Amino acid sequence: MSAKSAVERLDVALERIDDPRGEGARAMLKVYRDRARKEATAADERARKGESLGPLDGAIVSIKDLFDMAGEVTAAGSKLIADEGKVAESNAPAICKLFSVGAVIVGRTNMTEFAFSGIGANPHYGTPGNPADRTRIPGGSSSGGAVAVADGMCEITIGSDTGGSTRVPAALCGIVGFKPSKWRISTEGAFPLSETLDSIGPMARTVAECALADAVMSGDKRPKPLEAEPLSGLRIGVAKGRPVEGLDETVGPRFASTLGALEKAGARLHDEPLPLLAEMDAVNAKGGIVPAEAWRVHRERFARGRNQIDPMLANRLERAQDITGEDYRWMLTERARLVKAFDDQLSGFDVLAMPAVPIAAPTIADCEEPRTFARNNAQVLRNTSIGNFFDLTAITLPMPGSGLPCGLMLMARNGQDRRLLAIAAAVERLLSA
């Protein structure tokens, strides 16, 4: 954290949130001013006494609007759910762990309704503009959190990732986004989209900050500093085929330049075809695990309030009701088989590399019509969703260069989270040199 006091850093964050020229009104759905000031003051008092609850003591953190906070409605970006008025009885375990190490929770961030798209648009609360170009989408579903970090409204934000919901907005907004192995952080108290694929992860400006938040939420109150993994001799599989097809004029050249820098640093790059993606497609052709499970969560809500749901998402939910129980069970069985097969393929190298998102952020206007929304949503989730389907851990880092932000995604085998973060720290240092 910065050498400034927690109160000073909180004041900066609140100033950014309140700036009428900024995106605070759309990025933050609720601001905990009084509570955050008390928490920051307590952190500073501990610091004056030479005490500390750990490296996140006094860190300014925001949380996505799908985490339970005691006494509040967990609305998941939805006016329909907000109006239901169901109040959480306790804090989500992941949030409890942040509080336990002295993190200062500054606010709840905007998101795609139900966390059900990668665009980041929300017709109920507004769509926060991309920090690089306010006419462009922030990416989703953890849209407000990514904008909050990039715009200095917080230092770390906690989101969810079911098909790329931390990594897509992080890549499009020029920050770091991490998806852990699903089992490492409890999803209890996080409003569900897909019980099979939901995971909880942080976004921040640096790999080190993401690593600290991840460690705390997974149960390590005093995590050790992250040591960068040597790049020389690192075995990097470079995805071939669909993940690198149709890269736009921003992403393509910067991905090539990034690979060149890694090779120059001594990493060993190997072209890696991914034939199992065709089998993933065959599973998703039955309707997909996420839509099937989202329908189970929202079918009663849909029946009584379809017109109050974002129409782009209502259409997706409506289609999901036709997925049969037999097809759903088949999809789960096939996925389990493919997870094992993909893990076997990854055993031959340290990380798999591809662009996090094949295109730079499209304009908000280009995502307002159903056809273009669907096309852009499919594109922004195309690569990140691989990590969720095959049960991997993954991270996106900003790729250097001029123009709109874009991200390098590194993926590793399930359970290799700490090593992936160490590798990412080394790549981050190389790319920022």
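Read the figures in this text as sums done on the coordinates, not as results from a lab. As the structure is a prediction and not an experimental result, all values here were calculated from the model. Because the Cβ atoms are built from the backbone with ideal geometry, glycine has one as well, and the counts that use them run over all protein chains shown.
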With 0.36 nm assigned to each residue of separation and the Cα-Cα distance removed, residue 429 to residue 4 gains 150.6 nm
Please work out the Cα center distance from the stretch 7-29 to the stretch 60-86, rounded to the nearest Å.
20
Among 389, 404, 210, whose Cα projects farthest towards the positive end of the dipole of the chain, with charges put on the beta-carbon of Lys, Arg (+1) and Asp, Glu (-1)?
210
Quick one: what are the phi-derived ³J(HN,Hα) couplings along the stretch 196-202, Karplus 6.51/-1.76/1.60 with θ = phi - 60°, whole Hz, x for glycine and proline?
6, 10, 4, 9, 10, x, x
Using a 10 Å cut-off around each Cβ, can you sort 117, 218, 385 from fewest to most neighbouring Cβ atoms?
218, 385, 117
Report the local net charge at residue 357: Lys and Arg +1, Asp and Glu -1, summed over other residues whose C-beta lies under 9 Å from its C-beta.
+2
Under-5 Å amide H pairs with residue 73, H placed in peptide plane, nonlocal only:
88
Residue by residue through the stretch 164-171, what is 3J(HN,Hα) from phi via Karplus (6.51 cos²θ - 1.76 cosθ + 1.60, θ = phi - 60°)? Round to whole Hz and write x for glycine and proline.
x, 6, 9, 6, 5, x, 4, 5
In a Gaussian network model over the chain where Cα atoms closer than 10 Å are linked, find which of 233, 50, 288 has the largest mean-square fluctuation.
50
Go through the stretch 13-115 and name the trypsin sites (Lys or Arg not before Pro) that are in a DSSP coil and have 12 or fewer other Cβ atoms within 10 Å of their Cβ.
21, 49, 86
Highest GNM mean-square fluctuation, the chain, Cα pairs closer than 10 Å: which of 158, 81, 395?
81
Please go through the residue pairs 38/182; 4/182; 49/224 and name each one whose alpha carbons sit more than 30 Å apart in this structure.
38/182; 4/182
Identify the GluC sites (Glu not before Pro) of the stretch 334-433 meeting these criteria: DSSP loop state and at most 16 other C-beta atoms within 10 Å of the C-beta.
368
Where a ≥ b ≥ c are root eigenvalues of the Cα gyration tensor, a/c under 1.5 meaning rounded, otherwise prolate if a/b exceeds b/c and oblate otherwise, the stretch 32-99 counts as prolate
With θ set to phi - 60° and the Karplus curve 6.51 cos²θ - 1.76 cosθ + 1.60, what are the ³J(HN,Hα) couplings of the stretch 244-250 in order, to the nearest whole Hz, using x for Gly and Pro?
10, 7, x, 5, 7, 5, 8
Charges at C-beta only: +1 for Lys and Arg, -1 for Asp and Glu. How large is the resulting dipole of the chain about its Cα centre, in Debye rounded to 20?
340
Return the distance in nm (one decimal) between the two label points of a simple spin-label model at residue 249 and residue 284, each offset 7 Å from Cα along Cα→Cβ.
2.8
Counting other Cβ atoms within 10 Å, which GluC sites (Glu not before Pro) in the stretch 225-285 have at most 11 and lie in a DSSP loop?
227, 245, 249
For residue 264, give me every one of the lysines with a C-alpha distance below 21 angstrom, ignoring sequence neighbours fewer than eight places off in its own chain.
240
Going by the alpha-carbon gyration tensor, a ≥ b ≥ c the square roots of its eigenvalues, is the stretch 289-420 rounded (a/c under 1.5) or, if a/c is not under 1.5, prolate (a/b greater than b/c) versus oblate?
oblate
Residues of type aspartates and glutamates that residue 179 reaches as a straight line, Cα spacing below 16 Å, ignoring anything fewer than 8 places off in the same chain
161, 195, 198, 209, 214, 391, 417
Please work out how much length the chain gains when fully extended from residue 268 to residue 87, using 0.36 nm per residue of separation minus the C-alpha to C-alpha distance, in nm with one decimal.
59.9 nm
Indicate the gyration tensor shape class of the stretch 51-206 (rounded, prolate or oblate), computed on the Cα atoms with a ≥ b ≥ c the square roots of the eigenvalues: a/c under 1.5 is rounded; otherwise a/b larger than b/c is prolate and the rest oblate.
rounded
Distance from the Cα centre of the stretch 283-347 to that of the stretch 356-428, in angstrom?
21
What does the net charge come to around residue 287 if you take all other residues with beta carbon closer than 10 Å to its beta carbon, with K and R at +1 and D and E at -1?
0
